[in-house]
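Colleague: Below are the structure tokens for one structure; questions will follow.
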Amino acid sequence: MRNREKWRPSKFEYAGGKLVASPNELEVGLGSRLIVNLVACHYDRYTKQHARGRLIDLGCGRVPLYDVYKNYVTDNVCVDWINTIHRNDFVDYECDLSQALPFCDEAFETIIISDVLEHIPNPDVIWREMSRILARGGKILLNVPFYYWLHEQPHDYYRYTKFALMRFAESVGLKIVLLQVIGGAPEIIADILSKNLLRLRVVGKCLAKMVQFLTFKFIQTRIGRKISEATSGEFPFGYFVVVEKPI
């Protein structure tokens, strides 16, 4: 990663020993705090189990997950495309992820591709390339939204079901070892409500914060967790996936 010494937390940060959404509104919009916190929980839990060796961060933005994986890998290569709204000084290679990547076969033991797949117009290509550059026994850690608003327009092309993710992985000889739904109906309702509450002047921000905070607390209760899990199959907020290349 270029300019490693200049890196600072952006989208995620550690607070109380846990990875959470940044409280800075310039990093995480008020209407997206809930989904970012849920995604953070998954990377905080699973990165230490699966990241190792040389890592490539595809669509890295400002490398928000660097603090999560830096102690488990030997090196990290940052890749993003020139037109991204997150362009920064940490990028090692400017690449179009819909085209062939300039890396040798089996060059990396870990691939991170977080909140990126929905923005790639030709997903078949990136799946083939990830399979090619991933070492045998290596892992891909990724997350995608499902019930979520259009963002980074006009470069927002797809929403993936779990069946699509499984199909893409299997089609290039990869194996899904973990596929978890991120949230269900309560989280989706809170996300939609909070984003629309922001349209209200004066009270909108406070109400949006409150809705997401209360929903986050609710899904940690027994009944809230049950409702979220019971609805997540048909109403997934998003997915977190770990994919492996067989040895």
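The values are calculated or read from the model by the stated rules, or taken from the named source; none is laboratory data. Worth saying up front: this structure is predicted, and the values here are computed from it rather than measured. As a convention, Cβ positions derive from the backbone with ideal geometry for all residues, glycine included, and neighbour counts pool all protein chains shown.
Colleague: Please count how many residues of the range 212-222 are under 15 Å from Leu34 (Cβ atoms), among the β-branched types (Val, Ile, Thr) and exposed (fewer than 13 other Cβ atoms within 10 Å of the Cβ). Outline the logic, then answer.
Modeller: First pass over the range 212-222, keeping only residues under 15 Å from Leu34 (Cβ atoms): 212-220.
Okay, now just the ones that are also among the β-branched types (Val, Ile, Thr), so 215, 219.
With exposed (fewer than 13 other Cβ atoms within 10 Å of the Cβ) added as a condition, the list becomes none.
Residues that pass the stated criteria total 0.
Colleague: Right, here's the next one. Got at least one residue in the range 193-211 being buried (at least 16 other Cβ atoms within 10 Å of the Cβ) and in contact with a strand residue (DSSP E or B) (Cβ under 6 Å, 6 or more places away or on another chain)?
Modeller: Taking every residue of the range 193-211 in turn, none turns out to be buried (at least 16 other Cβ atoms within 10 Å of the Cβ) and in contact with a strand residue (DSSP E or B) (Cβ under 6 Å, 6 or more places away or on another chain).
Rundown of residues vs (1) at pLDDT below 95; (2) touching a Gly at 6+ places or on another chain (Cβ under 7 Å); (3) not in a loop (DSSP other than H, G, I, E, B), yes/no style:
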| residue | (1), (2), (3) |
| --- | --- |
| Cys78 | no, no, yes |
| Ile82 | yes, no, no |
| Arg87 | yes, no, no |
| Cys104 | no, no, no |
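Colleague: Now for a different question. Could you please find all residues in the range 94-130 being among the small types (Gly, Ala, Ser) and within 21 Å of Tyr69 (Cβ to Cβ)?
Modeller: Those that are among the small types (Gly, Ala, Ser) and within 21 Å of Tyr69 (Cβ to Cβ): Ala107, Ser114.
The rows are residues; the columns are (1) of a type in the set (Ser, Thr, Tyr); (2) within 13 Å of Tyr43 (Cβ to Cβ).
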position	(1), (2)
Thr110	yes, yes
Pro121	no, no
Ser131	yes, no
Gly137	no, no
Leu141	no, yes
Phe146	no, no
Leu150	no, no
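Colleague: Could you name every one of the helices (runs of 4 or more DSSP H) located completely within the range 147-247 that has at least 3 residues being free of Cβ contacts under 8 Å to residues at least 40 places away in the same chain and touching a helix residue (DSSP H, G or I) at 6+ places or on another chain (Cβ under 9 Å)?
Modeller: Of the helices (runs of 4 or more DSSP H) lying wholly inside the range 147-247, those with at least 3 residues that are free of Cβ contacts under 8 Å to residues at least 40 places away in the same chain and touching a helix residue (DSSP H, G or I) at 6+ places or on another chain (Cβ under 9 Å) span 185-197, 204-218.
Colleague: Could you give every pair whose Cβ atoms fall below 7 Å, whose first residue belongs to the range 14-37 and is of a type in the set (Lys, Arg), and whose second residue is surrounded by 13 or more Cβ atoms within 10 Å (Cβ to Cβ), counting only separations of at least 6 or pairs across chains?
Modeller: Here the result reads Lys18/Asp44; Arg33/Ala21; Arg33/Gln212, each pair linking the range 14-37 to a residue that is surrounded by 13 or more Cβ atoms within 10 Å (Cβ to Cβ).
Colleague: Another one. If you go through the range 46-62 one residue at a time, do you hit one that is exposed (fewer than 14 other Cβ atoms within 10 Å of the Cβ), under 21 Å from Val181 (Cα atoms) and polar (S, T, N, Q)? Steps first, answer last, please.
Modeller: So the first thing to find is which residues in the range 46-62 are exposed (fewer than 14 other Cβ atoms within 10 Å of the Cβ), and the list is 48-49.
From the residues that got through so far, the ones that are under 21 Å from Val181 (Cα atoms) too are 48-49.
Filter again for polar (S, T, N, Q), leaving 49.
Yes, the range 46-62 contains a residue that is exposed (fewer than 14 other Cβ atoms within 10 Å of the Cβ), under 21 Å from Val181 (Cα atoms) and polar (S, T, N, Q).
Colleague: Somewhere in the range 112-131, is a residue aromatic (Phe, Trp, Tyr) and either within 15 Å of the chain's Cα centre (by Cα) or surrounded by fewer than 17 Cβ atoms within 10 Å (Cβ to Cβ) (or both)?
Modeller: Within the range 112-131 (the criterion being aromatic (Phe, Trp, Tyr) and either within 15 Å of the chain's Cα centre (by Cα) or surrounded by fewer than 17 Cβ atoms within 10 Å (Cβ to Cβ) (or both)), the answer is no, since none of the residues qualifies.
Colleague: Considering only the range 100-111, I want to know if a residue exists there that is surrounded by 18 or more Cβ atoms within 10 Å (Cβ to Cβ) and within 14 Å of the chain's Cα centre (by Cα).
Modeller: Yes, that holds for at least one residue.
Colleague: Here are Gly138, Gly173: which of them is on the phi > 0 side of the Ramachandran plot and at pLDDT 95 or above?
Modeller: None of the other options fit; the residue is Gly173.
Colleague: If you go through the range 190-209, how many residues are among the aliphatic types (A, V, I, L, M) and either in contact with a Phe, Trp or Tyr (Cβ under 9 Å, 6 or more places away or on another chain) or over 21 Å from Tyr147 (Cβ atoms) (or both)? Break it down stepwise before answering.
Modeller: Just the residues of the range 190-209 that are among the aliphatic types (A, V, I, L, M), to begin with: 190, 192-193, 197-198, 200, 202-203, 207-208.
Still in the list and also either in contact with a Phe, Trp or Tyr (Cβ under 9 Å, 6 or more places away or on another chain) or over 21 Å from Tyr147 (Cβ atoms) (or both): 190, 192, 200, 202-203.
Looking only at that region, the number is 5.
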